[in-house]
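The values are calculated or read from the model by the stated rules, or taken from the named source; none is laboratory data. As the structure is a computational prediction, the values presented were derived from the model and not from experiment. Don't worry about glycine lacking a Cβ; one is built from the backbone with ideal geometry, like all the others, and counts go over all protein chains shown. All accessible areas refer to the heavy atoms of the entire protein, side chains included, with ligands and DNA or RNA removed. Shrake-Rupley method; radii C 1.70, N 1.55, O 1.52, S 1.80 Å.
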Amino acid sequence: MCSRQSSCTAVIPSSHKEISASLPTPSPSTSSNSARSPGGFTSLHDEATSLSWSPGTDALTKIAPLFRTSQRLTSDALTELSALDGSAYTAVPGSRHTLDALAAAVSAASSGTTCLAQAIAANPLDGSGFPGPPADENAIRQARNAEAIPLIAEHLADAARDFELAATCCAYIASGIADDVRAHPAHTRTPAPAPAPITSSRPARR
């Protein structure tokens with residue numbers, strides 16, 4: 001069984017409501033196309049939940065794309081966390097909860113990715129055994145499949161729960177950032193550049 005992560009609801013104030021399952025923008029003044037990709041954590045949850053597969057090549061072919069997507073989204077979430085941590089948003093009252101929630105999303109997404117990797121590891125692929133006495137390959141294949149099916153199903157279910165948790169965290173983050181920027185615009189406004197020093201065209205006195 002994949003290790004369970006603590007719920008991000010522990011760092012989400014009850015006053016915030018979920019309005020989106022997309023990742024937040026890196027800072028209040030910029031946006032990220034990859035962070036708002038349609039293949040977000042909610043889609044990963046739905047795909048992992050509804051995935052139809054058979055042990056062997058079929059399962060590998062269907063789980064591998066989910067694994068690659070989860071890796072990308074986890075990396076995107078970590079990039080967003082680093083961007084917010086170094087932005088003016090950290091001066092906004094309550095921003096600590098947003099950073100904590102995004103860190104929880106990274107943790108949940110990483111755990112979901114690990115669960116998919118464990119599902120791939122548990123999946124039996126056909127191959128030849130070591131040289132030795134003749135063996136009933138069909139019986140061996142059936143036994144391996146029977147052992148693997150419940151393990152793969154369990155790992156996929158765990159991954160789906162982790163992606164649902166990551167989506168919940170990201171929904172709070174998107175809502176929280178938007179509310180915070182509206183409530184405290186002075187903290188997120190980009191400061192104007194300092195004026196250039198005034199120089200005189202008169203020659204210096206001697």
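Go through the range 59-151 and name the GluC sites (Glu not before Pro) that are in a DSSP coil and have 13 or fewer other Cβ atoms within 10 Å of their Cβ.
Values: sites: GLU80, GLU137, GLU147; in loops: none.
In loop regions of the range 59-151 (DSSP not H, G, I, E or B), there are no sparsely surrounded GluC sites (Glu not before Pro).
May I ask you to list the residues of the range 53-96 whose amide nitrogen lies under 16 Å from a point 7 Å from Cα along the Cα→beta-carbon direction of GLN142?
55
Leaving ligands, DNA and RNA out of it, rank ILE140, ILE63 by accessible area with a 1.4 Å probe, largest first.
Final ranking, largest accessible area leading: ILE140, ILE63.
Would you rank SER70, SER82, SER128, SER87 by solvent-accessible area, highest first, keeping every protein chain in place and using a 1.4 Å probe?
Largest accessible area first, the list is SER128, SER82, SER87, SER70.
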